[in-house]
Amino acid sequence: MPSSPHRSRPDACPGAIEVHPAADGGLARVRIPGGTLTADRLAVLRQAAIELGDGSLELTSRANVQIRGLAPGSEPELGERLAEAGLLPTLTHERMRNIIASPLADTQGLADAIDAALCAVPELAELPGRFLVTVDEGGDVSGLGADIGLHRVGAEWALLLAGADSGLRPGDPVAAVTRAAVEFLTLRAERGGAAWRLAEIEGGVTEITRRLAAGTASHIAPLSSPAPADRVQPARSQPLPPGPLPDGRLVVGVPLGRLNPAQSAALLAAEHLRLTPWRSVLLPHSIPLGHGLITDPDSPWHGATACTGRPGCAKALADVRADAPRLLGGAGRSVHFSGCERRCGRPRGAIDVLATADGYLVDGQRHEDTAAAIDAARRKQ
């Protein structure tokens with residue numbers, strides 16, 4: 001595995017308490033492990049955004065929620081509201097609660113158990129805010145390249161490390177994830193680094209697999225000599241098409257992952273919802289929507305994402321959210337609009353539309369007609 005750039009500082013991912021000072025005000029990120037939100041909790045987030053922020057709720061690529069435009073000094077009030085609603089169960093571990101679970105499967109219970117186990121280990125409060133765990137029972141989220149992943153294989157769970165099958169099949173998946181997280185921090189300290197992700201530790205996957213299989217973790221039963229055919233090969237994660245499902249559930253797309261007050265109010269009609277890592281929402285049944293929310297699988301907004309861009313981000317070179325509608329073109333492959341070279345929130349495999357001082361590049365190339373180039377790229381399979 002190739003090494004990644006050496007990190008000389010801790011990551012600065014925002015949390016619900018450690019708010020990031022963005023150009024448009026404070027930015028709070030509220031973790032929603034497993035993605036399930038009750039209507040009551042959505043109402044709390046919505047009201048906090050209206051009264052303390054800019055009114056909108058941003059859905060992230062890790063199925064979390066962001067509130068932007070917070071005024072200085074509003075952090076304690078936000079924290080109190082979140083805590084009262086059960087959205088902030090811990091002050092010490094809140095930034096590391098990044099757990100994505102298969103939205104269509106019955107995975108919320110396992111995600112909750114993993115969340116509780118991780119939060120119960122004091123040293124795991126030091127996990128970086130970018131550290132990611134996935135629970136995949138439908139073949140849909142293992143391709144996100146999590147640091148630690150559980151992937152259902154028949155009656156067993158495969159343990160994935162940095163997105164690859166370790167060959168280990170844990171009898172206790174919750175304990176396996178917890179132990180792997182502890183081993184990550186241990187190995188990181190031994191290497192004297194400040195890695196944000198497991199893939200950044202050269203040889204880290206091999207070493208952690210060895211430690212887990214060495215008998216120090218009795219809850220993990222390794223495959224003796226797994227044949228290549230037995231290894232999980234995660235498929236690329238694909239966004240769920242918006243629209244009704246055969247079982248009556250409804251996938252709702254959110255343009256560029258940003259819910260305005262009218263849109264979030266409409267979603268309150270569902271008793272609960274499931275956030276997805278594709279910045280969409282899964283409802284248990286159909287409800288009256290409108291307000292620009294997407295239920296058409298052929299909508300050009302399906303699979304289209306963007307970073308914040310100007311004026312919210314000081315590093316951005318363009319207002320990508322304003323430019324996206326005129327550049328989007330027809331439906332097709334996933335596309336991501338980035339305001340700078342950091343490419344925040346870009347999904348793996350998405351068409352790369354990058355703002356520069358002289359206009360946009362599409363997958364690294366400049367075109368006379370940017371909209372036409374994006375449309376052509378989206379139509380390619």
(message) Looking at Ala318, Ala355, can you tell me which residue is outside any strand (DSSP E or B) and either among the aliphatic types (A, V, I, L, M) or surrounded by 14 or more Cβ atoms within 10 Å (Cβ to Cβ) (or both)?
(response) Ala318
(message) Among the residues of the stretch 124-176, what is the count of those that are within 15 Å of Asn98 (Cα to Cα) and more than 21 Å from the chain's Cα centre (by Cα)?
(response) 0
(request) Give the residues of the stretch 296-332 that are out of contact with any strand residue (DSSP E or B) (no Cβ under 6 Å at 6 or more places or on another chain) and among the charged types (D, E, K, R), sorted by residue number. (result) Asp296, Asp298, Arg310, Lys315, Asp319, Asp323, Arg326
(message) Every residue in the stretch 55-84 that is in contact with a strand residue (DSSP E or B) (Cβ under 8 Å, 6 or more places away or on another chain) and over 15 Å from Gly257 (Cα atoms), please.
(response) Gly69, Leu70, Ala71, Pro72, Ser74, Glu75, Leu78, Leu82
(message) If Ala373 meets every condition in (1) of a type outside the set (Phe, Trp, Tyr); (2) crowded, with 21+ Cβ neighbours inside 10 Å; (3) more than 22 Å from the chain's Cα centre (by Cα); (4) part of a strand (DSSP E or B) apart from one, which number is that one?
(response) (4)
(message) Under 9 Å between Cβ atoms, which residue pairs at least 6 apart in sequence (or on different chains) link something in the stretch 180-199 that is at positive phi with a partner that is surrounded by 19 or more Cβ atoms within 10 Å (Cβ to Cβ)?
(response) none
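Residues being crowded, with 19+ Cβ neighbours inside 10 Å and in contact with a helix residue (DSSP H, G or I) (Cβ under 8 Å, 6 or more places away or on another chain): count how many of those fall in the stretch 200-211. Give the derivation first.
Filtering the stretch 200-211 down to residues crowded, with 19+ Cβ neighbours inside 10 Å leaves 200-201, 204-205, 208-209.
So of that shortlist, the ones also in contact with a helix residue (DSSP H, G or I) (Cβ under 8 Å, 6 or more places away or on another chain) come out as 201, 204-205, 208.
Matching residues across the stretch 200-211 total 4.
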(message) Suppose the filter is over 21 Å from Glu18 (Cβ atoms) and surrounded by fewer than 23 Cβ atoms within 10 Å (Cβ to Cβ); does Gly129 pass it?
(response) no
(request) Tell me which residues, restricted to the stretch 77-95, are surrounded by 19 or more Cβ atoms within 10 Å (Cβ to Cβ) and without any contact (Cβ under 8 Å) to a residue 40 or more places away in the chain. (result) His93
(message) Considering only the stretch 248-260, I want to know if a residue exists there that is touching a strand residue (DSSP E or B) at 6+ places or on another chain (Cβ under 9 Å), over 22 Å from Ile100 (Cβ atoms) and not charged (D, E, K, R).
(response) yes
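Would you point out the residue of the stretch 147-165, among those that are outside any strand (DSSP E or B) and out of contact with any helix residue (DSSP H, G or I) (no Cβ under 9 Å at 6 or more places or on another chain), that is nearest to Asp112 (Cα to Cα)?
Taking the stretch 147-165 and keeping what is outside any strand (DSSP E or B), we get 147, 154-155, 162-163.
Then drop every residue that is not out of contact with any helix residue (DSSP H, G or I) (no Cβ under 9 Å at 6 or more places or on another chain), which leaves 154-155.
Numbers: Gly154: 22, Ala155: 20 Å.
Filtering the stretch 147-165 for residues that are outside any strand (DSSP E or B) and out of contact with any helix residue (DSSP H, G or I) (no Cβ under 9 Å at 6 or more places or on another chain), the one nearest to Asp112 (Cα to Cα) comes out as Ala155.
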(request) Could you list, in sequence order, all residues of the stretch 328-348 that are over 20 Å from Arg236 (Cα atoms), touching a residue at least 24 places away in the same chain (Cβ under 8 Å) and surrounded by fewer than 20 Cβ atoms within 10 Å (Cβ to Cβ)? (result) Gly329, Gly330, Cys340, Arg342
(message) Yes or no: the stretch 16-35 includes at least one residue that is surrounded by fewer than 17 Cβ atoms within 10 Å (Cβ to Cβ), closer than 17 Å to Arg130 by Cβ and free of Cβ contacts under 8 Å to residues at least 60 places away in the same chain.
(response) yes
(request) Taking Val362 as meeting all but one of (1) surrounded by 19 or more Cβ atoms within 10 Å (Cβ to Cβ); (2) more than 30 Å from Ala235 (Cβ to Cβ), write down the number of the exception. (result) (2)
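Can you tell which of Ser237, Ser224, Ser264 is buried (at least 16 other Cβ atoms within 10 Å of the Cβ), among the hydroxyl-bearing types (Ser, Thr, Tyr) and either closer than 30 Å to Gly167 by Cα or modelled with pLDDT under 95 (or both)? Give the steps one after another, and end with the answer.
Working: Ser224 fails: buried (at least 16 other Cβ atoms within 10 Å of the Cβ); Ser264 fails: either closer than 30 Å to Gly167 by Cα or modelled with pLDDT under 95 (or both).
Just a single option satisfies the conditions, and that option is Ser237.
Criterion first (within 17 Å of Arg46 (Cβ to Cβ) and within 22 Å of the chain's Cα centre (by Cα)) does Val320 satisfy it? Full working, then the answer.
Values: within 17 Å of Arg46 (Cβ to Cβ): no; within 22 Å of the chain's Cα centre (by Cα): yes.
Taking the combined requirement at face value, the residue does not satisfy it.
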(message) For Arg68, only one of the following conditions fails: (1) assigned to a helix (DSSP H, G or I); (2) crowded, with 16+ Cβ neighbours inside 10 Å. What is its number?
(response) (1)
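The values are calculated or read from the model by the stated rules, or taken from the named source; none is laboratory data. No experiment lies behind these values; they were computed from the predicted model shown. For neighbour counting, all protein chains shown are included, and Cβ atoms are generated from backbone atoms with ideal geometry for every residue, glycine included.
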